[in-house]
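The values are calculated or read from the model by the stated rules, or taken from the named source; none is laboratory data. On a predicted model such as this, the values are computed, not experimentally measured, just so you know. Here the Cβ positions follow ideal geometry from the backbone for every residue, glycine too, while neighbour counts run over all protein chains shown. Protein only, heavy atoms only, side chains kept; ligands, DNA and RNA dropped before computing areas. Shrake-Rupley method; radii C 1.70, N 1.55, O 1.52, S 1.80 Å.
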Amino acid sequence: MGNEAIGLGALAAGVRVVTGYPGTPSSEILPTVSERNSGNIHVEWSVNEKVALEVAAGAAVAGARSMVTMKQVGLNVAADPLMSLAYLGVKGGMVVVVADDPGPISSQTEQDTRTFALFSKLPVFDPASPEEAYEMIIDAFELSERFGTPVLFRPTTRVCHGNAPVKLRETLAAAPESLRFKKDSRWVIFPRLSYENHIKMEQRLPVIAEEFSSYRFNSLSGEGRLGLVTQGISSGYVGEALTILGDLGQPLPAHKLLRVATPHPFPKRLALDFFDGLDRVLVIEELDPFIERELQRLAGEQQLSVTVLGKASGHIQVAGENTVAAVTQAIAGFFGVPFVPAASSPIGATMLVEAPELPGRPPVLCAGCSHRSAFIAVKRSMRKRRAIFSGDIGCYTLGNAKPLDMVDTCLCMGAGITMAQGLHVVEPNALHFAFIGDSTFFHSGITGIINAVYNRTPIVVVVLDNATTAMTGLQPHPGTGDTMMGWVSQKVDIAAVLRAIGVKHVEKCDPLKLEESMAAVVRAADATADGVAALIFESPCIHVAPPAPSYIVDAEACECKECIIRLGCPAILSVNGKAVIDETLCFGCDLCAQICMFDAISPFSLLSAKPLSPKPPSATP
Amino acid sequence: MKANIVIAGVGGQGTVLAGKLVARAAMDAGLAVRTSETIGMAQRGGSVVSHVRISDGPIASPLMPQGAADTLLGFEPGEAVRCLPYLRPGGTVVVNAHTVAPVAAALTHTEYSGPAMIDYLGKCGGRLVVIDGDAICAEVGSAKVLNVALIGAAAAAGALGLTLEQIEEALRKSLRPKLVDMNIQALHAGARAAGQAAPQELQKETQ
């Protein structure tokens with residue numbers, strides 16, 4: 001996997017400190033290092049990306065090679081230290097790996113870290129495959145150390161989660177024996193130092209750009225008056241497209257092909273070689289039209305009469321992932337050769353006519369997920385009150401789907417807690433619930449809660465503590481206590497943190513016990529009369545807890561279908577008007593049994609002991 | 001030698017591991033491999049697709065264009081239909097007969113019929129191999145071997161360009177030791193199911 005290649009490359013480069021915060025598609029890089037750690041590398045999941053970057057920076061100013069990993073929105077959290085570190089510089093090589101997510105497939109934004117590199121005046125590497133990622137991260141460490149600057153390394157999802165055989169180097173760089181931080185005013189950022197370093201940065205960028213013009217993974221080939229430019233995974237799509245068009249049998253026009261693996265500082269000399277003799281250029285890239293703008297700027301600066309086409313001209317889609325089909329279509333149009341896409345081929349045409357209708361299949365909370373129970377408890381107890389539910393980033397964002405429909409807002413990590421405060425200002429008579437997961441609580445929830453306590457904004461903070469970072473692959477965090485070094489640390493207790501920052505009403509509750517949970521929700525809601533109230537729903541993720549026996553529906557007794565209508569559980573199906581539980585998916589959470597008005601659902605092993613006659617509806621339907 | 005394989009299923013069904021096993025077997029056979037898979041948010045019960053590309057020459061892109069797959073491995077009939085545009089004319093579809101109903105399908109009246117989907121696959125694909133994945137899982141005693149059973153069926157149908165022995169070896173290298181025997185059993189059960197399904201397909205093709 002590309003992410004493993006990045007981790008292995010960092011090991012080959014002699015990395016000493018690896019930090020990060022999980023986020024798709026970056027999450028597998030850091031565990032690759034920790035799994036092979038002989039003990040001399042410090043590997044940690046930090047509480048957030050800002051902290052991770054600062055820990056790595058501390059090691060780097062002392063001379064150690066360090067790497068920090070995150071996804072693109074994580075870089076927004078880490079932007080503050082990164083911008084300043086760009087001015088301060090480093091001693092040991094430091095690579096900031098930021099995985100971008102065109103699509104987006106698992107993200108809030110389609111931001112482009114190459115543009116962040118331009119903004120922060122830092123070099124950036126953009127690998128096209130797992131093989132390249134392995135080699136390029138080693139180059140990135142070397143460049144960083146040589147120029148004394150942090151370096152960005154930006155793979156995208158299809159590189160991170162693509163797999164290919166990677167040839168590993170036999171000899172690994174040896175980490176220096178002993179390092180010692182050398183006290184020096186150069187490590188203390190002050191306006192004067194920033195001014196002086198700013199000049200150095202601007203002087204350094206053209207030097208690196210010149211070096212990048214001969215960099216081994218930037219390539220220029222071909223001849224002709226037409227030019228194609230590409231980067232990253234789109235290079236693969238371009239290669240595929242040229243093969244497809246070539247196989248159609250008609251000759252393709254002569255053309256040049258430029259691949260840019262180091263978009264910033266832009267390899268100007270290489271680009272000028274590319275421009276030589278060209279009339280028209282098509283730039284095929286994902287996310288921002290980064291190379292397109294650089295080429296347009298360069299053409300303007302050099303007063304070249306060359307037309308640069310791409311996203312701005314409508315030749316390449318402005319949003320979402322590129323595909324082989326779309327890239328083939330774009331190149332065919334640019335070359336002026338006919339191309340019939342597969343969708344209108346005979347097989348495609350058959351399908352357009354006769355294809356049976358298929359429902360969408362969005363992601364959902366797992367069967368047995370304790371978040372479902374927590375949402376149901378809040379929903380049921382707030383049925384007659386005006387309540388607004390601010391969500392956050394994690395599996396529980398999936399609580400937005402019907403029938404739960406329990407996420408009214410979602411913005412970014414930690415924002416549920418703070419947006420609820422703004423919503424309260426506008427609607428002071430409503431109840432404002434902010435749902436936050438355990439890992440997100442530590443990441444960026446605590447400061448927001450302090451803000452609510454300080455500004456006397458009464459919200460209900462609902463911590464959905466499932467004892468792991470579930471969405472990104474079950475990473476540990478301060479509340480779980482286990483670390484990437486194999487130690488078990490002192491667990492940081494969420495309830496104690498809440499009490500310490502001044503939350504007066506703090507209650508813990510097992511969300512799988514519905515009646516008790518509903519009573520706890522009402523108590524927390526009422527406690528907002530006295531300020532911020534917190535309710536901690538504690539129940540481990542089904543991926544870290546052993547399953548209970550699965551449940552079964554007594555078809556004779558099944559009448560209400562509450563389980564189907566209210567829960568949205570993937571294990572419960574409707575067959576001939578009756579609820580049926582798929583025992584291979586059921587986790588035995590018991591929630592459906594608790595809401596069934598006819599007592600028709602019971603653990604599989606207890607079925608024979610249950611009465612088969614329906615009982616009258618209970619008082620809490 | 002070239003084989004383009006699309007794996008379509010529902011998050012949690014084991015599609016990612018299926019892709020890894022096929023890739024492993026191909027790598028061990030000295031072939032070039034590129035794969036791409038869905039990880040992250042979409043894994044939670046959503047539609048998931050993996051691309052596996054095997055070749056004796058260089059492979060440009062991990063994702064293939066529509067109309068390029070030699071083989072479509074469908075873990076579920078609806079998801080197989082969703083990915084059918086990737087299949088090349090005359091390609092092979094190996095599909096599990098058991099449907100996974102989308103959550104809240106009952107609420108939104110979006111239930112669909114597995115047999116109707118399979119019927120449609122039969123009309124569009126070059127070759128269709130339907131296997132009863134549930135029966136194999138029950139026979140082996142684990143719901144988690146569906147992926148390996150489908151690989152067994154595809155390998156037996158000659159749709160992977162890999163032999164059952166090569167896949168067995170990949171299973172031994174990739175899985176925890178205590179899971180190996182069970183999965184090898186599932187592999188061969190899938191292969192046998194494909195053998196039994198074949199005559200039906202010939203019948204269908206001659207209709």
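Being open to solvent by less than 30 Å² (accessible area, probe 1.4 Å) and more than 17 Å from the chain's Cα centre (by Cα) is a description that applies to B:Pro62. Kindly establish whether A:Ala524 is part of a helix (DSSP H, G or I), touching a strand residue (DSSP E or B) at 6+ places or on another chain (Cβ under 6 Å) and small (Gly, Ala, Ser). Judged against the criteria, A:Ala524 is a match. Based on this model, can you work out whether B:Gly126 counts as open to solvent by 20 Å² or more (accessible area, probe 1.4 Å) and out of contact with any Leu (no Cβ under 9 Å at 6 or more places or on another chain)? When the stated conditions are applied, B:Gly126 does not pass them. Which ones in the range A:384-401 are outside any loop (DSSP other than H, G, I, E, B) and open to solvent by 30 Å² or more (accessible area, probe 1.4 Å)? The answer is A:Asn400, and nothing else.
Before we move on, is A:Ala579 open to solvent by less than 20 Å² (accessible area, probe 1.4 Å), over 24 Å from A:Phe435 (Cβ atoms), of a type in the set (A, V, I, L, M) and more than 30 Å from the chain's Cα centre (by Cα)? Taking the combined requirement at face value, the residue satisfies it.
The set of residues from the range B:62-103 being more than 17 Å from B:Val48 (Cβ to Cβ), more than 8 Å from chain A (Cβ to nearest Cβ) and assigned to a loop (DSSP other than H, G, I, E, B) comprises just one member, B:Ala97.
For A:Val488, the requirement of being surrounded by fewer than 14 Cβ atoms within 10 Å (Cβ to Cβ), more than 14 Å from every other protein chain (Cβ to nearest Cβ) and touching a Ser or Thr at 6+ places or on another chain (Cβ under 8 Å) is not met.
Scanning the range A:146-167 for residues that are within 14 Å of chain B (Cβ to nearest Cβ) and assigned to a loop (DSSP other than H, G, I, E, B) returns A:Pro155, A:His161, A:Ala164, A:Pro165, A:Val166, A:Lys167. Residues that are more than 9 Å from chain A (Cβ to nearest Cβ), at positive phi and more than 15 Å from the chain's Cα centre (by Cα) within the range B:5-58 comprise just one, B:Gly30.
In the range A:435-469, the qualifying residues are those that are among the hydrophobic types (A, V, I, L, M, F, W, C) and open to solvent by 10 Å² or more (accessible area, probe 1.4 Å), and the one that is nearest to A:Gly531 (Cα to Cα) is A:Val453. Any residue at all in the range A:28-36 that's small (Gly, Ala, Ser) and open to solvent by 20 Å² or more (accessible area, probe 1.4 Å)? So far as the range A:28-36 goes, yes, one or more of its residues are small (Gly, Ala, Ser) and open to solvent by 20 Å² or more (accessible area, probe 1.4 Å). Looking across the range A:551-584, the residues that are within 18 Å of B:Val100 (Cα to Cα) and part of a loop (DSSP other than H, G, I, E, B) come down to A:Gly568, A:Cys569, A:Pro570, A:Ala571, A:Asn576, A:Gly577, A:Asp582, A:Glu583, A:Thr584. Taking the conditions exactly as written (within 14 Å of chain B (Cβ to nearest Cβ) and either within 16 Å of A:Glu538 (Cα to Cα) or of a type in the set (Asp, Glu) (or both)), does A:Thr440 satisfy them or not? When the stated conditions are applied, A:Thr440 does not pass them.
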